[in-house]
Amino acid sequence: MRNFDFSPLYRSAIGFDRLFNLLEAGQSQGNGGYPPYNVELVDDNHYRIAIAVAGFAEHELEITAHDNLLIVKGAHGGEPVTRNYLYQGIAERNFERKFQLAEHIQITGANLEHGLLYIDLARVVPETMKPRRIDIK
């Protein structure tokens with residue numbers, strides 16, 4: 001993998017140090033890519049995350065948003081059932097998946113459908129952040 005040096009950008013970009021730190025850190029998650037997910041751009045201001053959560057019931061999933069961080073956890077409750085598999089291709093382990101959200105991104109809803117957990121997101125830019133025309137006097 002390539003390593004990029006973002007230090008020249010620190011000199012010319014003000015207030016983006018957190019963004020550069022995120023880029024340098026990468027998306028190193030210790031879960032090995034489980035569970036797989038998609039991030040879809042629905043339109044200019046709406047996104048949808050789809051996470052494959054086969055084998056998890058709705059009450060075994062937890063979605064938490066805090067300080068621009070979306071955390072999705074899946075935990076099976078109770079005693080694990082011992083089975084004699086000839087081949088096991090479906091993972092049944094607990095997971096925690098984290099997504100770093102940009103500013104002004106809000107979670108608008110979530111639903112579980114056909115083994116996929118859909119999380120809908122929207123960019124809501126406050127009026128004070130939108131471009132405005134300044135009159136010259």
Modelled FRET efficiency - R0 35 Å, Ala65 with Arg132, Cβ distances, 0.05 increments = 0.75
Neighbour cut-off at most 14 other Cβ (10 Å), DSSP loop, chymotrypsin sites (Phe, Trp or Tyr not before Pro), the range 77-129 = Tyr85, Tyr87
For the range 44-93 the mean separation of alpha carbon contacts under 8 Å (6+ apart) over residue count, i.e. relative contact order in percent, is 29 percent
Mean separation of Cα contacts under 8 Å (at least 6 apart) over the residue count of the range 29-129, i.e. the relative contact order in percent, is 31 percent
Distance (nanometres) between label positions extended 7 Å along Cα→Cβ at Ala50 and Leu112 | 1.8 nm
Loop GluC sites (Glu not before Pro), the range 41-92, which have at most 14 other Cβ atoms in a 10 Å radius of their Cβ (DSSP) = Glu92
Would you mind working out the magnitude of the charge dipole of the range 29-129 relative to its Cα centre, with +1 at each Lys and Arg C-beta and -1 at each Asp and Glu C-beta, to the nearest 20 Debye?
-> 400 debye
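If packing is taken as the average count of other Cβ atoms within 10 Å, what order do 75-84, 33-42 fall into, highest mean first?
Descending mean neighbour count gives 33-42, 75-84.
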In the range 100-129, GluC sites (Glu not before Pro) in a DSSP loop with at most 13 other beta-carbon atoms within 10 Å = Glu103
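Bear in mind these aren't lab numbers, they're just calculated from the coordinates by the rules spelled out. No experiment lies behind these values; they were computed from the predicted model shown. Please note: Cβ atoms are built from the backbone with ideal geometry, for glycine as well, and neighbour counts cover all protein chains shown.
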